[in-house]
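Below is one structure, written out as structure tokens, with a few remarks after it.
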Amino acid sequence: MKDYDLTKTAIKTFDPEVQEIALSTDDLHVFYGSKEQIKGVSLQFPRYQISSIIGSSGSGKSTYLRSLNRMNDEIQIARVTGKIMYRGLDINQPKIDVFEMRKHIGMVFQRPNPFAKSIYDNITFAPIRHGVKDKKVLDQLVETTLQQAGLWKEVKDTLHKSALALSGGQQQRLCIARAIAMKPDILLLDEPASALDPISTSVVEDTLAQLKAHYTIIIVTHNMQQAARISDYTAFFHQGVALEYAETKRIFTKPAIQATDDYVSGHFG
Amino acid sequence: MNVKQQDKLATGILYTIAGIIILVLASLLAFILIQGLPHVTWHFLTAPARSFEAGGGIGIQLFNSFYLLVLAMLISVPLSLGAGIYLSEYAKKNWLTSLIRTSIEILSSLPSVVVGLFGFLIFVIQFKFGFSILSGALVLTVFNLPLLTRNVEESLASISSMQREAGLALGLSRWETVMRIIVPEALPGITTGMILGAGRVFGEAAALIYTAGQSAPALDFTNWNPFYIASPLNPMRPAETLAVHIWKINSEGIMPDAVAVSAGASAVLIVAVLLFNLGARWFGQHLYQKMTGTGKKGA
């Protein structure tokens, strides 16, 4: 693998007066044990836009994404330092109620992970736990979220069947519906289409494009065409560092950093 | 000899070994059932035992076995659930939890007669519970707890970590995630383990000889006040179980039909354990199908 200069970066910044920022990190470091996986990443994610994070395996893009809603808290040896700013609040502090925070910052994972419950219960489970009781509201929620996730037509007659009987692509869209049923501000997606076939992938991509109107989306992807197709901004990660962050078009046509150029043109490594 | 012949030979040897094992087990089972079942009548199942004359039954022993089982499970199920959930979901990896795990493993390999003598010293003598159902239930808990805990822990650990992430990412607390998602999904495994544990407890004799005692005083089935001395529910009375009864008849039984009573009691015991095992299998599969929507009964 070629050695790239990790100190030379080109990170786009936004003027909060002009572009509202949904989430940003300031000098974020993630350590697994003594190994530093993320080496000081500062990025701003604009509201109601899709930002994608690309990079090779082991570049730290998933690790970075998982620290945004503090899922790395679950890993005993992980340690996250630096600021994660959300609505003017640093959510990377011990006193933050992570369970409350995760209602606002939802997440969809690489492999579909529906609960072993019915389709209906998968969606209503968390809202009920958070206090929504009205059956009519729940019914409406199931329909709206399934429609937003592009799954309603396929499952509207089988809502009370087990979610595990769905295909992989359907399960992943159900997981998206489940995440947006919490009405989060921000949706984090960790390679949501990597386990899906091309048709399911394109359905999920259409879904994300629809969701952009109401949600800020940050998506990690292996698939550069996918990043180019759906995202407004793209960050390129390499060895735990965000080397470049800019408008997607710019990343794929006129990248400022040699490593990005090599990666998007397939001459990497 | 070519590869194909080798394969045939190996397969043949494996089939023979499996066949021998099945033959031994099946003939043991058949022997006990053929010897015992003819003696099993309604009278035999309900009448009290007789010490010196023929015609006694196993009614009280049978009741004692079930009552002891219920009490033992009442104590050990919640404890093993708590311990298993802690070990699987909450325990951090450090020297203390690995010490706990090692202790559980050692405890589960203790011979039951050692557990029985331990129970005799602690519960019967030290705590002054005497030869009683309570002592028996406690010693069965000691005997059963390690296995049940391991079963709960392993059943929970077999649930994918992605399910935990799914729950947490929806803003659920760890407690909610564990109780509402992980435990229900692990329920078929947990239930199967519990029922199999119950079967093991039901057939246990050595641990009970010194704790629940070897005598079965007459019970008054009209008085269910647990504080009444002859009440079936009184936990402080001595209670010989079916398995202990079989052991006792064979070592010191002097009734004329001792062989028949022993054979009949063994058949009943084996049928009961068999039912536990089949029940565990059926129940586990049924729960699994209900939850995953697979199989013909899919919800």
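The values are calculated or read from the model by the stated rules, or taken from the named source; none is laboratory data. No experiment lies behind these values; they were computed from the predicted model shown. Cβ placement follows ideal geometry from the backbone for every residue including glycine, while neighbour counts extend to all protein chains displayed.
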Checklist entry - Does any residue in region A:56-67 that is touching a residue at least 24 places away in the same chain (Cβ under 8 Å) come within less than 8 Å, Cβ to Cβ, of a residue that is assigned to a helix (DSSP H, G or I) six or more places away or on a different chain, and which pairs are these? => result A:Ser56/A:Tyr263; A:Thr63/A:Asn72; A:Arg66/A:Asn72
Checklist entry - In region B:203-234, how many residues are surrounded by fewer than 22 Cβ atoms within 10 Å (Cβ to Cβ), within 24 Å of the chain's Cα centre (by Cα) and under 14 Å from B:Gln61 (Cα atoms)? => result 6
Item to check | Checklist (1) over 15 Å from A:Ser118 (Cβ atoms); (2) within 14 Å of chain B (Cβ to nearest Cβ); (3) out of contact with any strand residue (DSSP E or B) (no Cβ under 7 Å at 6 or more places or on another chain) applied to A:Pro184, failing item | outcome: (3)
Next on the checklist: If I ask for residues that are part of a loop (DSSP other than H, G, I, E, B) and either in contact with a strand residue (DSSP E or B) (Cβ under 8 Å, 6 or more places away or on another chain) or modelled with pLDDT of 85 or more (or both), which ones from region B:233-254 would you list?
Outcome noted: B:Leu233, B:Asn234, B:Pro235, B:Met236, B:Arg237, B:Pro238, B:Ala239, B:Glu240, B:Thr241
Checklist outcome for this item: Filtering region B:125-139 down to residues that are surrounded by fewer than 23 Cβ atoms within 10 Å (Cβ to Cβ) and hydroxyl-bearing (Ser, Thr, Tyr) yields B:Ser132
Checklist outcome for this item: Within region B:159-179, residues more than 7 Å from chain A (Cβ to nearest Cβ) and part of a helix (DSSP H, G or I) come out as B:Ser161, B:Arg164, B:Gly167, B:Arg174, B:Trp175, B:Thr177, B:Val178, B:Met179
Checklist entry - Among A:Gln93, A:Gln44, which is the only one that is out of contact with any helix residue (DSSP H, G or I) (no Cβ under 6 Å at 6 or more places or on another chain), at pLDDT 90 or above, under 24 Å from B:Gly171 (Cα atoms) and part of a loop (DSSP other than H, G, I, E, B)? => result A:Gln93
Next on the checklist: If I ask for residues that are in contact with a Gly (Cβ under 8 Å, 6 or more places away or on another chain) and polar (S, T, N, Q), which ones from region B:83-136 would you list?
Outcome noted: B:Ser132, B:Ser135
Next on the checklist: Here's a check for you: in region A:99-116, which residue that is surrounded by fewer than 24 Cβ atoms within 10 Å (Cβ to Cβ) and among the aliphatic types (A, V, I, L, M) is farthest from the other protein chains (Cβ to nearest Cβ)?
Outcome noted: A:Met101
Next on the checklist: more than 12 Å from chain B (Cβ to nearest Cβ), in a helix (DSSP H, G or I) and of a type in the set (A, V, I, L, M, F, W, C): which single residue out of A:Leu164, A:Leu146 fits that description?
Outcome noted: A:Leu146
Checklist entry - Taking A:Gln210, is it among the polar types (S, T, N, Q), surrounded by fewer than 21 Cβ atoms within 10 Å (Cβ to Cβ) and closer than 30 Å to A:Lys153 by Cα? => result yes
Checklist entry - Can you tell which of A:Gln37, A:Gln76 is surrounded by fewer than 18 Cβ atoms within 10 Å (Cβ to Cβ) and among the polar types (S, T, N, Q)? => result A:Gln76
Checklist entry - Among the listed residues B:Gly199, B:Gly213, which satisfies the condition of being within 29 Å of B:Leu121 (Cβ to Cβ), modelled with pLDDT under 90 and in a helix (DSSP H, G or I)? => result B:Gly199
Next on the checklist: Exactly one of these conditions fails for B:Leu87: (1) more than 25 Å from the chain's Cα centre (by Cα); (2) among the hydrophobic types (A, V, I, L, M, F, W, C); (3) over 30 Å from B:Met236 (Cβ atoms). Give me its number.
Outcome noted: (1)
Item to check | Complete set of residues in region A:185-195 that are surrounded by 23 or more Cβ atoms within 10 Å (Cβ to Cβ) and farther than 22 Å from A:Val264 by Cβ | outcome: A:Leu187, A:Leu188
Checklist entry - Among the residues of region A:203-226, which ones are more than 26 Å from A:Lys183 (Cβ to Cβ) and touching a residue at least 24 places away in the same chain (Cβ under 8 Å)? => result A:His222, A:Asn223, A:Met224
Next on the checklist: Residues to consider are A:Tyr48, A:Tyr64, A:Tyr120, A:Tyr86; find the one that is within 13 Å of chain B (Cβ to nearest Cβ) and within 26 Å of A:Gln172 (Cβ to Cβ).
Outcome noted: A:Tyr120
Checklist outcome for this item: Checked region B:66-109 for anything hydroxyl-bearing (Ser, Thr, Tyr) and surrounded by 15 or more Cβ atoms within 10 Å (Cβ to Cβ); matches are B:Tyr67, B:Ser76, B:Ser80, B:Tyr86, B:Ser88, B:Ser108
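Every residue, every condition in (1) over 29 Å from A:Arg229 (Cα atoms); (2) part of a strand (DSSP E or B), yes or no:
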site: A:Pro16; (1), (2): no, no
site: A:Ser56; (1), (2): no, no
site: A:Thr63; (1), (2): no, no
site: A:Arg66; (1), (2): no, no
site: A:Asp73; (1), (2): yes, no
site: A:Met85; (1), (2): no, yes
site: A:Glu100; (1), (2): yes, no
site: A:Gly106; (1), (2): no, yes
